[in-house]
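Colleague: Here's a structure for you.
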Amino acid sequence: MAVTSSILFTACSKDDDEEMSGSQTITQVVVSNNSFSLLEAALIHAGLTDVLSGKGPFTVFAPNNEAFVAAGLDTEAKIKAVPVETLKKILMYHVLGQRVPASGIASGSNSPVKTAADLDVFITKNASGVFVNGASVIQADVMASNGVIHVVNAVLMPPMGNIVQVAQANPNFSFLVAAVLRASQGSTNVAQVLSGQGPLTVFAPTNQAFMNAGFANVAAIQAADPAVLTSILTYHVVGARVFSSDLTEGAKPATVNGGTVTITLGGGAKVKGNKNTTASIISPANMVTTNGVIHVIDQVLLP
C-alpha cells in the first residue's frame, strides 16, 4: 500500500487515533449504509471487500450512490460491465494507505497525494471545505476500525494519459483533436505543448461547439489556417492545474496565448471568451490527466 504525502497531512496523536476508531471495518460500514449500495456492488465486483476489511489503516474517499449515478454507473449491471482490473484501479484511486481524518488535512490548494493505485489525487482544503480532484467531501470522518471514510460527491476517475491522449480517446473531441493536429502544422506545435509536463488546464469544446462556431466538419478544420487555430486553441489553455473547486466568481485566469477568460458561477460554472456573446457551460468538469485537467465546454472561446 502506497504511503501518502507527509507534506499535506498534519500529525494526529495516538489518543486521537484511538478515539476515531469505529467498531466496523470500512467494508462493513459500506455494506451497512444504504447510500453506498453501488459502491458495495463495485467493491464486490472488483474483489476488494477483503482488502478494505484488512488491518489498514486506510482512508477512503467514498462516492455515494448519487456519485455513481452521475458517473453513468447507476445500476449493478453497469458496474459489472466494467472490466475487473479497470474497476479495481478506479476504486484504489479512492484509497490512501493511512488514516487521515479531516482535521489531519492541512490547508492548501491541490496538494498531490499518492493513492493505492500509485497515482496522485489532488487535495484542497480551504474555507469552502475539502475537495479531491475538485469533488466535494460532503461528509467527513465516518470512522471505521481500520480507517476513515470521507464521502465524496463524484467518482474519481484516474488519469488515462496526457491531455492529448485523453482527447484522442474521446469521440466527443474528434474536432478538437483535428484542430490541434492542424494547428501543429504551423509555427507552434500545439500537440507537443498539450502533451508536455504541465500542469495545464484545458477548456475543451465539444464537436458540436466547433460546428456551432462554423466548422461544419473535420475537413473544414483541416482546411483552416494553422495560425488562426493556434490562436484560438491556446486561448483555451491555462498554465496551471485548475479544478472546478478553484474557480471563483469573476475570476479572469490568464491563458497561454496572453489573453484572459472570465469565470462566472451563478447557475453553474461557466467560462466566457472576450468576443463570445454568452458564457459557455462547463460540464462535465475535472477530467484528470497526467499533465493537468480538462473541462468540457459547449462553445469555442473567442479571444
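Colleague: Considering (1) within 22 Å of Val113 (Cβ to Cβ); (2) in contact (Cβ under 8 Å) with a residue 60 or more places away in the chain; (3) surrounded by 14 or more Cβ atoms within 10 Å (Cβ to Cβ), say which one Ala70 fails and leave the rest.
Modeller: Going through the list (1) within 22 Å of Val113 (Cβ to Cβ); (2) in contact (Cβ under 8 Å) with a residue 60 or more places away in the chain; (3) surrounded by 14 or more Cβ atoms within 10 Å (Cβ to Cβ), Ala70 breaks only (1).
Colleague: Please name all residue pairs, on different chains or six or more residues apart, with Cβ atoms under 7 Å, provided the first residue is in segment 22-45 and is under 17 Å from Lys80 (Cβ atoms) and the second residue is of a type in the set (Val, Ile, Thr) and open to solvent by 50 Å² or more (accessible area, probe 1.4 Å).
Modeller: Close Cβ pairs satisfying both conditions: Glu40/Val31; His45/Val84.
Colleague: Please go through segment 227-256 and give me each residue that is charged (D, E, K, R) and closer than 18 Å to Asn291 by Cα, ordered by number.
Modeller: Answer for segment 227-256, where residues must be charged (D, E, K, R) and closer than 18 Å to Asn291 by Cα: Arg241, Asp246.
Results for (1) modelled with pLDDT under 95; (2) under 19 Å from Ala140 (Cβ atoms); (3) not in a strand (DSSP E or B), shown as yes or no for each residue.
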residue: Ser6; (1), (2), (3): yes, no, yes
residue: Cys12; (1), (2), (3): yes, yes, yes
residue: Thr27; (1), (2), (3): no, no, yes
residue: Val31; (1), (2), (3): no, no, yes
residue: His45; (1), (2), (3): no, no, yes
residue: Thr49; (1), (2), (3): no, no, yes
residue: Leu52; (1), (2), (3): no, yes, yes
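Colleague: Going through segment 146-162 one residue at a time, which ones are open to solvent by less than 20 Å² (accessible area, probe 1.4 Å) and not hydrophobic (A, V, I, L, M, F, W, C)?
Modeller: The answer is Asn146, Gly147, His150, Pro158, Pro159, Gly161.
Colleague: Restricting to segment 44-73, give me the number of residues that are under 16 Å from Val152 (Cα atoms) and more than 19 Å from the chain's Cα centre (by Cα).
Modeller: Of the residues in segment 44-73, 1 are under 16 Å from Val152 (Cα atoms) and more than 19 Å from the chain's Cα centre (by Cα).
Colleague: Also, quick follow-up: Can you tell me which residue is nearest to Pro199 (Cα to Cα) among those in segment 274-303 that are among the hydroxyl-bearing types (Ser, Thr, Tyr) and not in a loop (DSSP other than H, G, I, E, B)?
Modeller: Looking at the filtered set, the residue picked out is Thr289.
Colleague: Return the residues of segment 93-118 that are over 16 Å from Leu48 (Cβ atoms), not in a helix (DSSP H, G or I) and not polar (S, T, N, Q); say none if nothing qualifies.
Modeller: Listed by number, the residues that qualify are Arg99, Val100, Pro101, Ile105, Ala106, Gly108, Pro112, Val113, Lys114.
Colleague: Taking the condition of being modelled with pLDDT of 95 or more and under 17 Å from Asp141 (Cβ atoms), how many residues in segment 54-67 meet it?
Modeller: So the answer is 8.
Colleague: Exactly one of these conditions fails for Asp141: (1) in contact with a helix residue (DSSP H, G or I) (Cβ under 6 Å, 6 or more places away or on another chain); (2) at negative phi; (3) among the charged types (D, E, K, R). Give me its number.
Modeller: (2)
Colleague: Please find, within segment 243-282, the residue that is most open to solvent (accessible area, probe 1.4 Å) out of those that are of a type in the set (Val, Ile, Thr) and in contact with a Ser or Thr (Cβ under 8 Å, 6 or more places away or on another chain).
Modeller: Across segment 243-282, the extreme among qualifying residues is Val256.
Colleague: Could you please let me know if Leu87 is under 19 Å from Val51 (Cα atoms), out of contact with any Ser or Thr (no Cβ under 6 Å at 6 or more places or on another chain) and at pLDDT 95 or above?
Modeller: It is true that Leu87 is under 19 Å from Val51 (Cα atoms), out of contact with any Ser or Thr (no Cβ under 6 Å at 6 or more places or on another chain) and at pLDDT 95 or above.
Colleague: Continuing with the same structure: Take segment 97-145 and flag every residue that is crowded, with 21+ Cβ neighbours inside 10 Å and more than 16 Å from the chain's Cα centre (by Cα).
Modeller: Of everything in segment 97-145, those that are crowded, with 21+ Cβ neighbours inside 10 Å and more than 16 Å from the chain's Cα centre (by Cα) turn out to be Arg99, Val100, Ile105, Ala116, Ala144.
The values are calculated or read from the model by the stated rules, or taken from the named source; none is laboratory data. Model, not experiment: these values are computed from the prediction. Every residue, glycine as well, gets a Cβ built from its backbone with ideal geometry; the counts of neighbours run over all protein chains shown. Accessible surface is based on the protein model in full, side chains and every heavy atom, while ligands, DNA and RNA are left aside. Shrake-Rupley method; radii C 1.70, N 1.55, O 1.52, S 1.80 Å.
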